[in-house]
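Taken together, the values in this text are just the output of simple stated rules run on the coordinates, not laboratory data. Everything quoted here is computed from the prediction, not taken from an experiment. Here Cβ is always computed from backbone atoms with ideal geometry, including for glycine, and neighbour counts include all displayed protein chains.
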Amino acid sequence: MRTYRVAIVGTGGIAAVHADNLARTDGRAQLVAACDVDQGRLDAFAGKHGIPATYLTLADLLTEAKPDIVHLCTPPMLHIDQALQCLAAGVNVLSEKPPALSLADFDRLESAQTQGGAQFSCVFQHRFGDASTAAQQLIGGTDFGRPLVARCDTLWYRPDSYWDLPWRGTWNAEGGGPTMGHGIHQFDLLLHLLGPWEEVTAVAARQARATSTEDLSAALVRFGNGAVATMINSLLSPRETSDIRIDCEFATVELSHLYGYSTDNWTITAAPGHEDQVTRAWNSKPLERGSGHAAQFLAMYDALDAGRPLPGDAASARQTLELAAAIYASAFTGRAVRRGEIVSGHPFYGGMDGDGLGAKVLDSTALNRPAVDAAV
Ligand SMILES: NC(=O)c1ccc[n+]([C@@H]2O[C@H](COP(=O)([O-])OP(=O)(O)OC[C@H]3O[C@@H](n4cnc5c(N)ncnc54)[C@H](O)[C@@H]3O)[C@@H](O)[C@H]2O)c1
């Protein structure tokens, strides 16, 4: 097993989670450098986590620190350009979500990965607990049966002050609201469990928050395997929860948590007459490890050691980003959107607000007070 030289770019809120989780990887990673445009924040971060080298630019970090992996913990609009910079230098990338602000931006990765030999992957830490691996293996198999109907809800609460960070709440910096920034974790996990989606019908609204994107979206999604799911992405919900429920022929699989799960957050219920097979199948799986960044980091090192594609690789991250684009496209055009439909030339290929259509629709239907009032 190699020890990987890791650097963190962007030393704000989520970077601390990365540093803490890197310390839980049993010596398989060494945090060798950090970068931020804010010198004070960078120095404080490096001091706290014992990082030997600091840089004000990514270019200097890549040249001098020579990391094997760069973790991008910067605001969303920087992810793709910084990922391209790393890939051009032959350095693997683990980017925080969302991977890009649009499918057009994301597709710039394809040739960069082919040319440089390094790989891109996106942080989707909920895929990586033992229970989600077990559920993925059992859903659609003989013991649990075919998935038929599902629910995927990200019901979170954010007060107006949440949008005080300058990059929050705009199409240009974040690419959207709770669909792109919050629910993306939960529906990424649903896609991981159910496989490719086929068609989506959605609504999006700005109900109450001082943001220029949506603060709520709701979607109806049909999957390639025939399953049908409803999906809500909300920042308006005082009792917060992140829930997935999948009803298969012989078992209901449920996950209820907030920002990360252990096996205790999963419930498996057998259909009458199928108790033995369902219980035996679930208990035959390893179920110790919870979800989280460290679990994804370790899976990444395993893949690099073995020369395999990275978990959370570009293809799987694109599928999740495409569903986000389709939710917006359906919500703002009022019609169903199929997978594969949003290609170059489509208004939602270049941006999640469809060339300004999203802003117009939200402005014309918004129920909320104007932003200045809401912030009072
Ligand atoms: N996976 C998760 O559960 C999770 C949770 C929270 C946030 N995130 C994601 O993490 C990313 C960062 O979020 P945050 O809350 O940490 O933001 P933040 O604003 O707290 O931190 C971003 C940092 O990037 C720095 N920065 C800005 N421009 C830079 C540049 N050009 N080069 C280097 N550094 C630069 C800023 O100075 C700041 O310190 C976002 O994409 C967010 O969606 C993911």
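Before moving on, here are some points about what is shown:
- In order along the range 207-222, phi translates into HN-Hα couplings of 8, 7, 9, 7, 9, 8, 9, 6, 10, 7, 9, 9, 9, 10, 10, 9 Hz, rounded to whole numbers, per the Karplus curve 6.51 cos²θ - 1.76 cosθ + 1.60 with θ = phi - 60° and x for Gly and Pro.
- In the range 21-179, Cα pairs under 8 Å separated by at least six residues give a relative contact order of 16 percent.
- Using the Cβ-Cβ distance between Ser237 and Asp38 with R0 = 41 Å, the FRET efficiency computed as 1/(1 + (r/R0)^6) comes to roughly 0.80.
- If R0 is taken as 30 Å, the Cβ-Cβ distance between Arg2 and Thr57 corresponds to a FRET efficiency of 0.65.
- Antiparallel content of DSSP bridges confined to the chain, in %, to 5: 60 percent
- Estimated dipole of the range 68-111 in Debye, rounded to 20 [Cβ of Lys and Arg +1, of Asp and Glu -1, Cα centre]: 60 debye
- Using a simple spin-label model with pseudo-atoms 7 Å out from Cα toward Cβ, Ala315 and Glu275 lie 4.2 nm apart.
- Residue order, fewest to most surrounding Cβ atoms within 10 angstrom, among Ser316, Ser262, Ser364, Ser111: Ser364, Ser111, Ser262, Ser316
- For the range 34-97: relative contact order, % (alpha-carbon pairs under 8 angstrom, 6 or more apart): 28 percent
- Dipole size of the range 1-47 about its Cα centre, with +1 on Lys/Arg Cβ and -1 on Asp/Glu Cβ: approximately 260 debye, rounded to the nearest 20.
- Whole-Å semi-axes of the ellipsoid equivalent to the range 197-324 (Cα gyration tensor, √5λ, descending): 28, 23, 17
- Figure legend: label point modelled 7 angstrom from the Cα of Asp160 along Cα→Cβ; residues of the range 211-239 with amide N under 14 Å from it are 211-212.
- Around Asp107: net Lys/Arg minus Asp/Glu count, Cβ-Cβ under 11 Å: -1
- Cα centroids of the range 222-283 and the range 114-130: 24 Å apart.
- The HN-Hα couplings worked out from phi for the range 286-295 by the Karplus form 6.51 cos²θ - 1.76 cosθ + 1.60 (θ = phi - 60°) are x, 9, 7, 7, x, 7, x, 4, 4, 4 Hz, whole numbers, x standing for Gly and Pro.
- Annotation for the range 221-266: GluC sites (Glu not before Pro) lying in DSSP loop with at most 14 further Cβ atoms inside 10 Å of their Cβ are Glu249.
- Neighbourhood charge, 12 Å Cβ-Cβ cut-off, centred on Tyr261 and excluding it, Lys, Arg +1 and Asp, Glu -1: -2
- For Met180, Met77, order by how many other beta-carbon atoms lie within 10 Å, fewest first: Met77, Met180
- On a per residue basis, the convex hull of the C-alpha atoms belonging to the chain measures out at 140 Å³.
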